[in-house]
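Peer 1: This is the structure I have questions about; it appears just below.
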Amino acid sequence: MQPTRDILSYPSTASRDRHLVSPVPLSVVLLSASFAGLSLAPAAAQVTAPSQQTSAQQAAAASPDAIKQREQELEAARLQQKNAAELQQKLKADIAAIGQDRSKLNQQLIDIAAQVRSVETRIGDAEARLRPLDSREQQIRSSLDSRRAEIVEVLAALQRAGRRTPPALLVRPEDALQSLRTAMLLGSVVPELRGRAEKLAGDLGELVALRKTIATERDAMAQDRDRLKDDQVRLAALVDERQRKQSAIEKDMEAEGARAITLSKQVDSLQGLIAKMEQDLKSAAKAAATASLQGAPASLNGKPNLGALKDPARLSPAIAFASAKGLFAFPVNGTKIRDFGGSDGAGGVEKGISLASRAGAQVTTPCDGWVVYAGPFRSYGQLLILNAGGGYHVLIAGMERISVNIGQFVLTGEPVATMGSTSQVASILATNASQPVLYVEFRKDGTPIDPGPWWAANEGEKVRG
């Protein structure tokens, strides 16, 4: 027979040592009962007979509560539809207010794109914080599940101890002797019982705190997701307006795009593609000629003039590419998975960097430049090539959709593409990458160069449009 069971059967246990068990809070019992209820309720639901489930569902469907819930869902859908319509009207009014002012449109594009990437960053950070929290919650749940018998035993012992009345010590000598024996045994057992109860209380308290933290994080993330959707709708409308105006300027843009894709099939290397575009395609050749004629932008005391980036109406690079080292932001929010000079996974050497991003992430330009190619190319998926002036080219590949046209001048931080849901680059697909990956390559006079020196070390050093 177990000592604990013998001791708890004595009538003198509760009164003589009530002060030893009293520190155990009642919340232990309540929290444990709550925990047990959370685990047992789904199990009970699972064994319900199919016929009973059908009857319950029919009853619920016809109940006033179910009807009220449907009405609330309908009202929420109507509210969402109303908000969407109001947003569309506001967008139309904003675009009409912009009119033909190119600088206002460019600034709005850059600002909204920055907001989108900022929200993407917050969502990514929240997901990173939630992962260890979810893991810890699962650990505590597993621990409590494995100690269910112990929880029942401790709670039962505390309950029995609380119900015992004090013994009549002066009625019989045997009662006093029994009480003394009980006290001697209880002195060693109650501290252990209290320790187990306090450990259970600590685990349950941590579980409650974790649940509150996780709920707060998820609520904040849901708000960010809603904000991201609104910003993406606004950004899409502004991009469409930008491209509509660009199309009005370049009447034969569609024909130029088709010709570019035809020409891209005649070459088998990136260098050949750049040369072909800048020689044979009218809009790309014009962009390349403009880039070579512009010369190096003016500098202040030998340093790049960052103030020039504040002019959204500029038509040439604000900063010379060669002097912009340490200033560029990655074109997409993500994690670097391959670096320049490393293995490309196919026995070759990487000529650029690869960034794993979120599905549907916004892609922006790291620098000013002219678009000399925008479209599919070989194993790169959708490819965008910018002539940044001074013999420098920036290649960005792996997007699902590109939103700029050949010959167009784009500004630092301007939205130019969006990522898909999986990798589009063949060399990345070979490694079974499940998430979208953006490939970025810098070239000087046709030769790939290490882009590392151009990336900003921290957020405060990145150039903004």
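The values are calculated or read from the model by the stated rules, or taken from the named source; none is laboratory data. Nothing here was measured: the structure is a model prediction, and the numbers come from that model. FYI the Cβ positions are ideal-geometry reconstructions off the backbone, even for glycines, and counts take in every protein chain you see. Accessible surface areas use protein heavy atoms only, side chains included; no ligands, DNA or RNA. Shrake-Rupley method; radii C 1.70, N 1.55, O 1.52, S 1.80 Å.
Peer 1: List the residue pairs whose Cβ atoms are under 9 Å apart, where the first residue sits in region 329-349 and is closer than 18 Å to Pro453 by Cα and of a type in the set (Phe, Trp, Tyr), the second is open to solvent by less than 40 Å² (accessible area, probe 1.4 Å) and not in a strand (DSSP E or B), and the two are 6 or more positions apart or on different chains.
Peer 2: Sorted first by the residue in region 329-349, then by its partner, the pairs are Phe330/Pro366; Phe330/Ala456; Phe340/Glu350; Phe340/Gly352; Phe340/Pro451; Phe340/Gly452.
Peer 1: Right, next: Does any residue in region 259-279 that is open to solvent by less than 80 Å² (accessible area, probe 1.4 Å) come within less than 7 Å, Cβ to Cβ, of a residue that is charged (D, E, K, R) and assigned to a helix (DSSP H, G or I) six or more places away or on a different chain, and which pairs are these?
Peer 2: Leu263/Lys276; Leu263/Asp280; Val267/Lys276
Peer 1: Please work out which residue is most open to solvent (accessible area, probe 1.4 Å), limiting yourself to region 126-143 and to residues that are closer than 30 Å to Val363 by Cα and among the basic types (Lys, Arg). Walk me through how you get there before you give the answer.
Peer 2: Residues of region 126-143 that are closer than 30 Å to Val363 by Cα, as a first pass: 126-132.
Those still in the list that are among the basic types (Lys, Arg) too: 129, 131.
On the way: Arg129: 117, Arg131: 152 Å².
Per the stated criteria, the residue is Arg131.
Peer 1: Is there a residue in region 193-204 that is at pLDDT below 55, over 30 Å from Asp111 (Cβ atoms) and not aromatic (Phe, Trp, Tyr)?
Peer 2: Taking region 193-204 as the starting set, the residues that turn out to be at pLDDT below 55 are none.
No, that holds for no residue.
Peer 1: What pairs can you find where one residue is in region 105-125 and within 18 Å of Leu309 (Cα to Cα) and open to solvent by less than 50 Å² (accessible area, probe 1.4 Å), the other is at pLDDT 85 or above and of a type in the set (D, E, K, R), and their Cβ atoms are less than 8 Å apart, with a gap of 6+ or different chains?
Peer 2: Here the result reads Asn106/Glu414; Leu109/Glu414; Ile110/Glu414; Ala113/Glu414, each pair linking region 105-125 to a residue that is at pLDDT 85 or above and of a type in the set (D, E, K, R).
Peer 1: Give region 372-422 a look and list any residue that's aromatic (Phe, Trp, Tyr) and either open to solvent by 20 Å² or more (accessible area, probe 1.4 Å) or outside any loop (DSSP other than H, G, I, E, B) (or both), or say none. Can you show your working first?
Peer 2: Initially, region 372-422 is screened for residues aromatic (Phe, Trp, Tyr), giving 373, 377, 380, 392, 409.
Residues satisfying the conditions are Tyr373, Tyr380, Tyr392, Phe409.
Peer 1: Follow-up question, since we're still on this one. Do you know which of the residues in region 343-355 that are hydrophobic (A, V, I, L, M, F, W, C) and surrounded by fewer than 19 Cβ atoms within 10 Å (Cβ to Cβ) is nearest to Asn333 (Cα to Cα)?
Peer 2: The first filter runs over region 343-355 and keeps only residues hydrophobic (A, V, I, L, M, F, W, C), leaving 346, 349, 353, 355.
Of the ones still in play, those that are also surrounded by fewer than 19 Cβ atoms within 10 Å (Cβ to Cβ) are 346, 349.
Working: Ala346: 26, Val349: 24 Å.
Going through the qualifying residues, I end up with Val349.
Peer 1: When region 423-465 is examined, which residues are found to be polar (S, T, N, Q), open to solvent by 60 Å² or more (accessible area, probe 1.4 Å) and modelled with pLDDT under 70?
Peer 2: Of all residues in region 423-465, those polar (S, T, N, Q) come to 423-424, 427, 431-432, 434-435, 447, 458.
Narrowing the set further to residues that are open to solvent by 60 Å² or more (accessible area, probe 1.4 Å) leaves 424, 431-432, 434-435, 447, 458.
Passing the criteria: Thr431, Asn432.
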